[in-house]
1. With each label point set 7 Å from Cα along the Cα-Cβ vector, what nm distance links ARG100 and SER4?
2. Quickly work out the SER278-to-ASP254 label distance, labels modelled 7 Å from Cα along the C-beta direction, and quote it in nm with one decimal.
3. Going by accessible area, probe 1.4 Å, with all protein chains left in place, what is the ranking of GLU29, GLU280, GLU250, largest first?
4. Which residue fluctuates most in the GNM of the chain (Cα springs below 10 Å): LEU101, LEU24, LEU218?
5. Dividing the convex hull volume of the Cα atoms of region 36-280 by its residue count, what figure in Å³ per residue is obtained?
6. Percent of accessible area on region 124-243 owned by carbon and sulfur, 1.4 Å probe?
7. Accessible area per residue for region 1-81 in Å², computed with a 1.4 Å probe and the full protein assembly in place, what is it?
8. Going by alpha carbons, how many degrees (0 to 90, nearest 10) lie between the helix axis of 73-84 and the longest principal axis of the chain?
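The values are calculated or read from the model by the stated rules, or taken from the named source; none is laboratory data. These numbers come from a predicted model, not from an experiment. Neighbour counts run over all protein chains shown; Cβ positions are idealised from the backbone, glycine included. Just so you know, the surface numbers come from the protein's heavy atoms only, side chains and all, with ligands and any DNA or RNA stripped out. Shrake-Rupley method; radii C 1.70, N 1.55, O 1.52, S 1.80 Å.
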Amino acid sequence: MTESRYTAPVQPLYPAAVDPVPLLGLYLEAPLPSGGRFGPWIYGNFIATLDGRIALVNRQTGRLGVAASISDPRDWRLFQELAARADVLITSGRYLRDLRLGTAQDVLPLSSKPPFQDLHAWRTRHGYPPQPDVAVLSASLDFQLPLSLLRQGRRVTVLTTRDAPAEAVARHEGRGARVVPVNEGSAVCGEAAARQLGQMGYRRAYSVTGPYVLHAFLKAGALDGLFLTHRHRIVGGDGYSTIVEGEPLEPPADLRLQWLYLDTATEDAPAQHYAHFSLESPPP
Ligand SMILES: NC(=O)c1ccc[n+]([C@@H]2O[C@H](COP(=O)([O-])OP(=O)(O)OC[C@H]3O[C@@H](n4cnc5c(N)ncnc54)[C@H](OP(=O)(O)O)[C@@H]3O)[C@@H](O)[C@H]2O)c1
């Protein structure tokens with residue numbers, strides 16, 4: 001089923017300003033690598049406002065979340081298309097806590113809702129299992145794995161450190177996950193996580209997490225690609241997240257623009273643009 005909200009095309013701006021192209025399939029059919037610097041090709045994706053907000057603090061709950069003023073259905077379609085391309089989704093302890101509180105955007109994709117049925121068919125056609133596997137990055141292990149994930153037959157791996165609490169390791173393993181401590185210390189190193197995912201045979205890993213996981217991958221030079229949607233809107237506010245947080249990246253991560261599309265078909269809402277970057281000269 002094709003929703004009318006997806007029918008309007010988008011305007012390619014870079015590398016060439018050619019005729020408009022359909023939104024549907026834009027990321028599903030785009031050429032993407034199937035191997036990265038340390039294992040799978042690891043890619044992240046964000047929607048942000050022009051003032052760089054990816055999430056705002058909800059005044060009622062005091063919790064961070066992707067506000068309606070930030071999210072957009074046409075971008076959500078592209079988010080789902082990127083999920084369809086993945087062998088494994090990388091999520092975080094935070095996401096699984098939010099899921100229980102009902103503040104996460106959706107259960108881990110691929111969405112089973114009608115507008116995304118074609119993505120399931122695409123996966124079947126291309127020899128993928130119905131849903132990507134799941135890798136959870138967490139130091140605390142303070143979350144509950146949704147049984148629905150395991151019932152779907154998805155392999156669930158928790159990537160953590162050797163300092164992880166033994167009781168929580170046993171709890172997650174008892175539920176059916178595999179818990180892999182990938183390094184010493186208080187935080188998972190992006191390179192160690194990437195190598196582990198490579199050893200598990202994954203070729204493409206889609207990080208659907210926030211700024212701290214992105215920081216871990218950027219710091220290690222383990223992020224290979226970044227998809228960034230910018231809504232042409234400014235929301236302000238004091239309590240917010242941006243795409244990466246944590247200590248300064250030294251050296252900074254430099255990126256090369258691969259493509260840029262302008263989307264003006266966003267129904268009573270501002271335009272937005274879709275950019276895809278690859279990482280240049282990652283740190284050693
Ligand atoms: N607009 C968008 O496109 C977009 C995209 C993604 C997220 N968001 C939003 O951004 C907001 C902020 O997300 P967040 O601050 O919670 O960031 P996050 O990076 O998604 O999650 C942080 C959690 O990930 C785990 N983690 C991160 N780095 C780790 C490391 N090196 N080693 C081990 N565990 C690590 C920790 O889990 P433990 O505490 O369990 O150890 C930590 O609490 C959320 O509201 C989210 O919805 C928006």
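1. 4.3
2. Each label point lies 7 Å from its Cα, and together they span 1.5 nm.
3. Details: GLU29 115, GLU280 65, GLU250 160 Å².
Accessible-area ranking of GLU29, GLU280, GLU250, largest first: GLU250, GLU29, GLU280.
4. Residue with maximal mean-square fluctuation among LEU101, LEU24, LEU218: LEU101.
5. Numbers: hull volume 33.1 nm³, N = 245.
Dividing the Cα hull volume of region 36-280 by its residues yields 135 Å³.
6. Working: 2650 of 5270 Å².
Whole-percent figure for carbon plus sulfur exposure: 50.
7. Details: 3860 Å² over 81 residues.
It amounts to 48 Å² per residue over region 1-81.
8. Tilt relative to the chain: about 50 degrees.
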